[in-house]
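The values are calculated or read from the model by the stated rules, or taken from the named source; none is laboratory data. None of these values were measured; they are calculated from a predicted model. Neighbour counts are summed over all protein chains in view; Cβ atoms, including those assigned to glycine, are modelled from backbone coordinates with ideal geometry. For the accessible areas, the whole protein counts, side chains as well, though only heavy atoms, and no ligand, DNA or RNA atoms are used. Shrake-Rupley method; radii C 1.70, N 1.55, O 1.52, S 1.80 Å.
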Amino acid sequence: FTHIYLVNFKLRCNNFCFVPLTKKTLINMTLLEAYNLFESLKTETTKKSEIKVYEKFLHILSGLKIREFSENETQSIETELDSFNLSSIPENRKKYFKKALSKFEKYLRDTFSLTTKRYYTELGIVLGASFGILFGVVFLSSWERSMGISLGLIIGSGIGGAIGRSMDAKAKSAGRVI
């Protein structure tokens, strides 16, 4: 008892907004809306750590407002901001927005080659310290082990910081620092 029913009808609207599917409707959070959101969040809180995260976001957004982007690039940035669902109110605001900030910085770095101030210096110090400890353990272990590790750490951090500062200077002269 198998019955096959053929129904011929067209769905012209989606289930959520009843807008014809042929039209592309994207409503993204604009840079100005995001800036205003973080300004209001900054005034609402008294926690210094939370304020720091909001100020970093505000600094990046104000730097982006000054830059000249094409319409597609601006749309891409606004779509990325919208994907973070910033207007939601999470339980742990600091953790949520700090994670969104790091994702947004990574997006800007990967897509537009834009970095924040002292990005390469901080990266250079961390990598230099890591390689310095390794160098201290392997090559300077003929001295007391802790002395070799300490010297390796200091030398590696210094070299990494110097390389990072030069890379930051290059990025700044190329106009890639927000």
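Summary of computed values
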read-out	value
Unique residue being in a helix (DSSP H, G or I) and either open to solvent by 80 Å² or more (accessible area, probe 1.4 Å) or within 21 Å of Phe112 (Cα to Cα) (or both) when the list is Ile125, Ile155, Ile149	Ile155
Filtered residues of the range 161-178 (kept if part of a loop (DSSP other than H, G, I, E, B) and under 19 Å from the mean Cα position of the chain (by Cα))	Gly175, Arg176, Ile178
Breaking point among (1) under 18 Å from Leu41 (Cα atoms); (2) outside any helix (DSSP H, G or I); (3) without any contact (Cβ under 8 Å) to a residue 40 or more places away in the chain, for Lys95	(2)
Sole residue being open to solvent by 70 Å² or more (accessible area, probe 1.4 Å), farther than 23 Å from Lys170 by Cβ and modelled with pLDDT under 95, chosen from Ser88, Ser83	Ser83
Complete set of residues in the range 40-69 that are without any contact (Cβ under 8 Å) to a residue 40 or more places away in the chain and over 19 Å from Glu105 (Cα atoms)	Ser40, Lys42, Thr43, Glu44, Thr46, Lys48
The one condition in (1) at pLDDT 95 or above; (2) touching a helix residue (DSSP H, G or I) at 6+ places or on another chain (Cβ under 7 Å); (3) farther than 27 Å from Thr45 by Cβ that Ser166 fails to fulfil	(2)
Filter result for Lys117 (within 20 Å of Glu55 (Cα to Cα), open to solvent by 40 Å² or more (accessible area, probe 1.4 Å) and not in a loop (DSSP other than H, G, I, E, B))	no
Count of the range 128-146 residues which are loosely packed, with under 13 Cβ neighbours inside 10 Å and assigned to a helix (DSSP H, G or I)	3
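To keep it simple, each residue is scored yes or no on (1) of a type outside the set (Val, Ile, Thr); (2) closer than 16 Å to Leu64 by Cβ.
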{"position": "Tyr107", "(1), (2)": "yes, yes"}
{"position": "Gly128", "(1), (2)": "yes, no"}
{"position": "Ile155", "(1), (2)": "no, no"}
{"position": "Ile159", "(1), (2)": "no, no"}
